[in-house]
Amino acid sequence: MANALYPKWKETLLQNNANSALNSAEGATGVYVALVDTGTYTYNALHQFYSDLGTSVVGTDQEILTKTQLDGVFDGTDVVFPSVSGPSVEALVIYRKTTGTSSTWPLIAYIDSGVTGLPVTPNGGNINITWDVAGIFQL
């Protein structure tokens, strides 16, 4: 699967839904990234919420900080996942955390290429994700 924006998130953009915004304040309702084992998760255009990832998430999700949106490009600081162990990681899923449960956190992007640090087999150490210099994704 190549990198993709989740169609359901694009729908929320077109509908001007508040949960689609990427410029949310950092913290509990920010934009986060999850490490994903594609042995237990397959991208599906119908997936809409974090709960659709099931048990495929490896490690502890990290927030994307210092977010920018310029000329249709979304970018942010590189991410470090501390002390990760578990199954192999082949993809990242970016989502927007809301004040509700994980069944309300919209999935934004599925990324499995163009990122330094993937794929990786966790060994208990940190996993460093370096975004492409052109940005994380472009609309």
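The values are calculated or read from the model by the stated rules, or taken from the named source; none is laboratory data. Computed from a prediction, not measured in an experiment: that's the story for all the values here. Positions of Cβ are generated from backbone atoms using ideal geometry, with glycine treated the same way; all protein chains shown enter the neighbour counts. Ligands, DNA and RNA are excluded from the accessible area calculation, which covers all protein heavy atoms including side chains. Shrake-Rupley method; radii C 1.70, N 1.55, O 1.52, S 1.80 Å.
The table below gives the values:
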{"quantity": "Neighbours by Cβ (under 9 Å, 6+ apart or cross-chain): first from segment 28-55, without any contact (Cβ under 8 Å) to a residue 24 or more places away in the chain and under 13 Å from P106 (Cβ atoms); second open to solvent by less than 60 Å² (accessible area, probe 1.4 Å) and β-branched (V, I, T)", "calculated": "none"}
{"quantity": "Flag for G100 being part of a loop (DSSP other than H, G, I, E, B) and either on the phi > 0 side of the Ramachandran plot or among the basic types (K, R) (or both)", "calculated": "no"}
{"quantity": "Boolean, A45 is within 17 Å of G100 (Cα to Cα) and surrounded by fewer than 13 Cβ atoms within 10 Å (Cβ to Cβ)", "calculated": "no"}
{"quantity": "Residues being aliphatic (A, V, I, L, M) and open to solvent by 70 Å² or more (accessible area, probe 1.4 Å) - total across segment 81-102", "calculated": "0"}
{"quantity": "Test: residue in segment 64-72 that is surrounded by 19 or more Cβ atoms within 10 Å (Cβ to Cβ), within 18 Å of F137 (Cβ to Cβ) and under 13 Å from the mean Cα position of the chain (by Cα)", "calculated": "yes"}
{"quantity": "Out of G39, G114, sole residue that is under 14 Å from F137 (Cα atoms), open to solvent by 40 Å² or more (accessible area, probe 1.4 Å), outside any strand (DSSP E or B) and not hydroxyl-bearing (S, T, Y)", "calculated": "G114"}
